[in-house]
Amino acid sequence: MHIPFDREKYLAILRKDGAPAALTVLQQDTQRWEYQAFEGSQGWQPEMWKELDEVRAFSREIWNFAMAHPEKSG
């Protein structure tokens, strides 16, 4: 089962509810994704693990935004 990464989902949360909410949802989704990459029905999926690097980089982007714009970060 491949879990698609949709940046817009988290950007919409960031705009509406702030960085803490966006990061919380992203972390919850990342945990499910990591489980699927290692222990899902298809076992180890290295391509999914590589995609998680994009998710982690995006998480850092949200953190950097929150640090640079605390007034817009919820």
Return the only residue of E61, E71 being in a helix (DSSP H, G or I) and either exposed (fewer than 10 other Cβ atoms within 10 Å of the Cβ) or modelled with pLDDT under 90 (or both). E71
The residue that is modelled with the lowest pLDDT, considering only those in the stretch 35-58 that are touching a Phe, Trp or Tyr at 6+ places or on another chain (Cβ under 8 Å) and of a type in the set (D, E), is E51
When you scan the stretch 15-57, how many residues do you find that are open to solvent by less than 50 Å² (accessible area, probe 1.4 Å) and either part of a helix (DSSP H, G or I) or of a type in the set (V, I, T) (or both)? 15
Is there any pair with a first residue in the stretch 47-66 that is under 18 Å from I13 (Cβ atoms) and a second that is surrounded by fewer than 14 Cβ atoms within 10 Å (Cβ to Cβ) and at pLDDT below 90 whose Cβ atoms are under 9 Å apart and which are 6 or more apart or on different chains, and what are they? F65/K72; A66/K72
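The values are calculated or read from the model by the stated rules, or taken from the named source; none is laboratory data. Quick caveat: nothing in here was measured; it's all calculated off a predicted structure. Please note: Cβ atoms are built from the backbone with ideal geometry, for glycine as well, and neighbour counts cover all protein chains shown. Just the protein is used for accessible areas: all its heavy atoms, side chains included, with ligands, DNA and RNA removed. Shrake-Rupley method; radii C 1.70, N 1.55, O 1.52, S 1.80 Å.
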